[in-house]
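Bear in mind these aren't lab numbers, they're just calculated from the coordinates by the rules spelled out. Bear in mind the structure is a predicted one, so any value in this text is a computation, not a measurement. All Cβ positions, glycine included, derive from the backbone under ideal geometry; neighbour counts span all protein chains shown.
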Amino acid sequence: MLEYAEPVTKLIDEFKRLPGVGQKSAQRLAFHVLKMSEADVERFVAALEEVKRKIVFCSICNNLTDVDPCRFCASTSRDRSMICVVEEPHNLVSVEKTRSYNGLYHVLHGSLSPLRGMSPEDLKLANLLPRLRPENNEGVEVREVILATNPNTEGEATASYISRLLKPLGVRVTRIAMGMPVGSDLEYVDEVTMDKALANRHEI
């Protein structure tokens, strides 16, 4: 079996620890780094160090940010009566890209998953309930919480759990619609997606 020099093996092992990176991808990344110029490597290392040093959790919504509170929570133009709950920071970016939502966010940093050992205590939920009180939201009462967790088993379980937490408080709790993706073909849609599409049908 071909063995690499110890520093290369260590680099491959570190890349393998990244999500979605297997042995072959890790090797490709490691050898790409070896081909990089010293200046490029220094810039790459500096970027890693800077992101670890400067990026923090927003104390209000848990979004990743270099200023606290983040720009969404600090904005005076956002609708403070709505909070959209997402699993990860990149999900927030997906919602923002629509340009149709102007409320606030709450980032959980995960979803409920017994298989992965993720319980409610592992989610960043503790600071959600206090946000619903006007005194903690610049005097504005939260009218609606949108649950925009992923449309899979874990996301559904998370949405259901949060809904049960919020319903007794009298706040309106909604779930993002699920069903047929735009541009798709009925022939290739699975039965769960089709079931959701039928359940979420609307009059035209």
Check: Can you give the charge dipole size of the chain about its Cα centre, rounded to the nearest 20 debye, using +1 on the beta carbon of Lys and Arg and -1 on the beta carbon of Asp and Glu?
Finding: 440 debye
Check: Put +1 on the Cβ of every Lys and Arg and -1 on every Asp and Glu Cβ in the chain; which of G139, V41, Y105 then has its Cα farthest towards the positive end of the dipole?
Finding: G139
Next item on the list: May I ask you to list the chymotrypsin sites (Phe, Trp or Tyr not before Pro) in the range 1-89 that are in a DSSP loop and have at most 16 other Cβ atoms within 10 Å of their Cβ?
Entry: Y4
Next item on the list: Would you mind finding the longest exposed-site-free stretch of the chain, with exposed GluC sites (Glu not before Pro) meaning DSSP loop and at most 10 other Cβ atoms within 10 Å?
Entry: 4-137
Note to self: Along the Cα→Cβ direction, 7 angstrom out, place labels at V21 and S59. What is the inter-label distance in nm?
What the structure shows: 3.4 nm
Check: How many lysine pairs does the chain hold where the Cα atoms are under 26 Å apart and the two sit 8 or more places apart or on different chains?
Finding: 17
Notebook entry, point to check: When the chain is treated as a GNM, springs tying every alpha-carbon pair under 10 Å, which of K52, K167, K16 comes out with the largest mean-square fluctuation?
Noted result: K16
Next item on the list: When a/c is below 1.5 the answer is rounded, else prolate if a/b is larger than b/c, else oblate, so apply that to the range 6-54 with a ≥ b ≥ c taken from the square roots of the Cα gyration tensor eigenvalues.
Entry: oblate
Next item on the list: Quick one: what are the phi-derived ³J(HN,Hα) couplings along the range 146-156, Karplus 6.51/-1.76/1.60 with θ = phi - 60°, whole Hz, x for glycine and proline?
Entry: 9, 8, 10, 6, 4, x, 10, 4, 5, x, 5
